[in-house]
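K.L.:
First the structure, then my questions, so here it is.
The values are calculated or read from the model by the stated rules, or taken from the named source; none is laboratory data. Remember, predicted model here, so these are calculated numbers, not experimental data. Please note: Cβ atoms are built from the backbone with ideal geometry, for glycine as well, and neighbour counts cover all protein chains shown.
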Amino acid sequence: MRISVTVDGVRYDDDVEPRLLLVHYLREHAGRTGTPIGCDTSNCGACTIALNGRSVKSCSVLAVQADGADITTIQGLANGELHPMQRAFHEEHALQCGYCTPGMIMAATDLLKDNPDPTEEQVREGLEGNLCRCTGYQNIVKAVLKAAQGVKA
Amino acid sequence: MIPAQFDYVKPSSLEEAVRALASDEDAKVIAGGQSLLPLLRLRFAYPSVLVDLAGLDALRSVTDNGSSIEIGALVTHYELTRDPLIAAHAGLLTEAAGTIADPAVRHRGTIGGALSHGDAAGDLPAVVTALDADLVITGPSGSRVLKPGDFFSDYLTTALAPDEILTAIRVPKLSGWGYAYEKFNVTAQAWAIVGVAAAVRRENGQVAEARVGLTNMGSVPVRASAAEAAAAGADASPAALAAAGARADEGTNPPEDLRAAADYRRHLARVLTGRALTAAAGLS
């Protein structure tokens, strides 16, 4: 099937099998290997991207379902300099192995769209679909709160 | 974890979608895909063709029908949590939808998909059961309306024929009712071990009417009829509502699995129903 998608501002036209998952499309056709495949069972959230501006788990969307969509991956977030959320993750050391980080950052930026000034509890709730097996979440939560302060300022 | 091969069509009208389903007995509807895609990837399901409803924009609206709210089947869980009409007249849906899975799943998953999937461990089946919603179904010979008690027939099984589509959910407006959804699980984004959807109407310090739907207390979502009857006419007090809640498991046949024994589910249903009734009555 023919699909057209915009990924990080670049338009792609491709023939894909209906069964191709969006995460495989992004990695193998569009070269967005910054979006990792984690659990592959839609639990872990590592593959989270923005589809038409909203966070989704790209292992749980078919590429054909994304036809016509505007997609942002972790690789499209920085604009010359790091996105405030990326900078906050860096400054707060909100990662160890880094595997969950692309999904965490995409989920966290989406969270701030709806709630620019979240409480710590709201951050933890908002990231419930993203698993980190290294950090215990402490620095991730700190980073999201710091980014929120930056967005407000 | 790549799904088996299938064809894919994206009809632009409901009639076309029904025709696509009717022409192939192994066709399957996909909406948000948040239940179906994991099943496809695990190869628990082998549809020959997926009929994607995403082109049917008419199924995305929420409308005020006077005495009820009509919610299109493609309304997402996220939209359920944000829609002002639903919040004003069917707040139980707003509250329960906010507990489904996690934000990214809620952006894709739809109310029609969650109900058609027929998972008694899902949250929305018990909510529409408590609200006694009308489920509007379209097939080759036209439309029909089923009540939740007739729609949900067994584990992951509904009364939908293979060529029928759930198109809308009509939820009666409950003005002046309080509501609460109590969900018990032990990890984030998990299914409810047991969930309780309760709505209560108070009158002169008493409970005039109560509705209770139970999540994961049987092969289908069920009403806790004994608890409803006990609550009706009771004092609007935490003690009286806890006593009513203690009858919530009567007549149920809860599943037993790795997460909970049946007896434990019965215990949870009794305790959570007391809490849900108390919260719905505005007492907690």
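K.L.:
Picking from B:113, B:118, which residue would you name as being crowded, with 23+ Cβ neighbours inside 10 Å and in contact (Cβ under 8 Å) with a residue 12 or more places away in the chain? So that I can check it myself, show each step before the final result.
P.N.:
Values: B:118 fails: crowded, with 23+ Cβ neighbours inside 10 Å.
Matching residue, one of B:113, B:118: B:113.
K.L.:
Among the residues of segment B:187-201, is there at least one that is within 14 Å of chain A (Cβ to nearest Cβ), free of Cβ contacts under 8 Å to residues at least 40 places away in the same chain and either aliphatic (A, V, I, L, M) or surrounded by 18 or more Cβ atoms within 10 Å (Cβ to Cβ) (or both)? Talk me through it step by step, then tell me what you get.
P.N.:
Residues of segment B:187-201 within 14 Å of chain A (Cβ to nearest Cβ): B:187-191.
Restricting the remaining residues to those that are free of Cβ contacts under 8 Å to residues at least 40 places away in the same chain gives B:187, B:190.
In the following step, the residues that additionally are either aliphatic (A, V, I, L, M) or surrounded by 18 or more Cβ atoms within 10 Å (Cβ to Cβ) (or both) were identified as B:190.
Yes, because at least one residue in segment B:187-201 is within 14 Å of chain A (Cβ to nearest Cβ), free of Cβ contacts under 8 Å to residues at least 40 places away in the same chain and either aliphatic (A, V, I, L, M) or surrounded by 18 or more Cβ atoms within 10 Å (Cβ to Cβ) (or both).
K.L.:
So which residues in segment A:83-121 are out of contact with any helix residue (DSSP H, G or I) (no Cβ under 6 Å at 6 or more places or on another chain) and of a type in the set (Ser, Thr, Tyr)?
P.N.:
Once the filter is applied, which keeps residues that are out of contact with any helix residue (DSSP H, G or I) (no Cβ under 6 Å at 6 or more places or on another chain) and of a type in the set (Ser, Thr, Tyr), segment A:83-121 yields A:99, A:101, A:119.
K.L.:
Here's something else I'd like to know. Can you name the number of the only condition in (1) crowded, with 18+ Cβ neighbours inside 10 Å; (2) more than 10 Å from chain B (Cβ to nearest Cβ); (3) of a type in the set (Gly, Ala, Ser) that residue A:78 fails?
P.N.:
(1)
K.L.:
Does residue B:82 satisfy the criteria of being free of Cβ contacts under 8 Å to residues at least 40 places away in the same chain and charged (D, E, K, R)?
P.N.:
Values: free of Cβ contacts under 8 Å to residues at least 40 places away in the same chain: yes; charged (D, E, K, R): yes.
It is true that residue B:82 is free of Cβ contacts under 8 Å to residues at least 40 places away in the same chain and charged (D, E, K, R).
K.L.:
When you go through (1) under 30 Å from residue B:198 (Cα atoms); (2) of a type in the set (A, V, I, L, M, F, W, C); (3) part of a helix (DSSP H, G or I) one by one for residue B:101, which number turns out not to apply?
P.N.:
Failed condition: (3).
K.L.:
Could I ask something else about it? Take residue B:186 and tell me if it is of a type in the set (Val, Ile, Thr) and either modelled with pLDDT under 95 or over 19 Å from residue B:67 (Cα atoms) (or both). I'd like the intermediate steps shown before the answer.
P.N.:
Working: of a type in the set (Val, Ile, Thr): yes; either modelled with pLDDT under 95 or over 19 Å from residue B:67 (Cα atoms) (or both): yes.
Yes.
K.L.:
Here's something else I'd like to know. Show me the strands (runs of 3 or more DSSP E) entirely contained within segment B:1-80 in which 2 or more residues are under 26 Å from the mean Cα position of the chain (by Cα). If you could, list the steps in order and put the result at the bottom.
P.N.:
Working: elements: B:7-9, B:27-30, B:49-52, B:62-64, B:68-72.
Per the criteria, B:27-30, B:49-52, B:62-64, B:68-72.
K.L.:
Pick from A:139, A:130: which is modelled with pLDDT of 95 or more and in a helix (DSSP H, G or I)? Full working, then the answer.
P.N.:
Values: A:130 fails: in a helix (DSSP H, G or I).
Going through A:139, A:130 in turn, just one is modelled with pLDDT of 95 or more and in a helix (DSSP H, G or I): A:139.
K.L.:
Among the residues of segment A:17-27 satisfying the criterion of being surrounded by 22 or more Cβ atoms within 10 Å (Cβ to Cβ) and within 11 Å of another protein chain (Cβ to nearest Cβ), which is farthest from residue A:109 (Cα to Cα)?
P.N.:
So in segment A:17-27, the residues surrounded by 22 or more Cβ atoms within 10 Å (Cβ to Cβ) come out as A:21-23, A:25-26.
After this cut, where a residue has to be within 11 Å of another protein chain (Cβ to nearest Cβ) as well, the list is A:21-23.
Details: A:21: 23, A:22: 20, A:23: 19 Å.
Checking each candidate, the answer is A:21.
K.L.:
For segment A:28-59, give me the residue count where each residue is closer than 18 Å to residue B:40 by Cα, facing chain B (nearest Cβ under 9 Å) and touching a residue at least 60 places away in the same chain (Cβ under 8 Å).
P.N.:
2
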